[in-house]
Amino acid sequence: MYNEDQKDIVYSYYLLTLYSISQGESIEELQYIISEFEEEGMYEQCDGMIQAVEFAKSNTMERVLLELDEEIN
């Protein structure tokens, strides 16, 4: 599993991706970035982004904003 530094990376990219979604970045754009990161072996970053994309796909924008707000505060 992940060590603490890796967990921090996953969490950071989760929040960053939720923020990107809240600012209007499309799921397709994010999936392209994920594929680029996978090619570079940036697996922790991919994991965080994938978690955020999946969260956004199964929730409303209001819930995405609430999740982002809760996690930041």
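Each value in this text was obtained by applying a stated rule to the coordinates, not by laboratory testing. Predicted, not measured: the structure shown is a model, and the values here were computed from it. Neighbour counts are summed over all protein chains in view; Cβ atoms, including those assigned to glycine, are modelled from backbone coordinates with ideal geometry.
Give me the distance in nm between label points sitting 7 Å out from Cα along the Cα-to-Cβ direction at GLU36 and ARG63, one decimal.
About 2.9 nm, to one decimal.
Normalising by the residue count of the chain, find the relative contact order in percent from Cα pairs under 8 Å and 6+ residues apart.
On the way: 57 pairs, mean separation 31.7, N = 73.
Relative contact order here is 43 percent.
If you take the square roots of the eigenvalues of the alpha-carbon gyration tensor of segment 1-41 and sort them as a ≥ b ≥ c, do you get rounded (a/c under 1.5), prolate (a/b over b/c) or oblate? Mind showing how you got there, number by number?
Working: a/c = 3.94, a/b = 1.40, b/c = 2.81.
Taking the square roots of the gyration eigenvalues as a ≥ b ≥ c, segment 1-41 is oblate.
Calculate, axis by axis, the spread of Cα positions in the chain along the three principal axes, and write the results as whole Å, longest axis first.
Cα extents, longest axis first: 32, 27, 18 Å.
Ranked highest first by the average count of other Cβ atoms within 10 Å around their residues, in what order do 15-22, 59-66 fall?
Working: 15-22: 18.8, 59-66: 12.1.
For the peptides 15-22, 59-66, the packing ranking is 15-22, 59-66.
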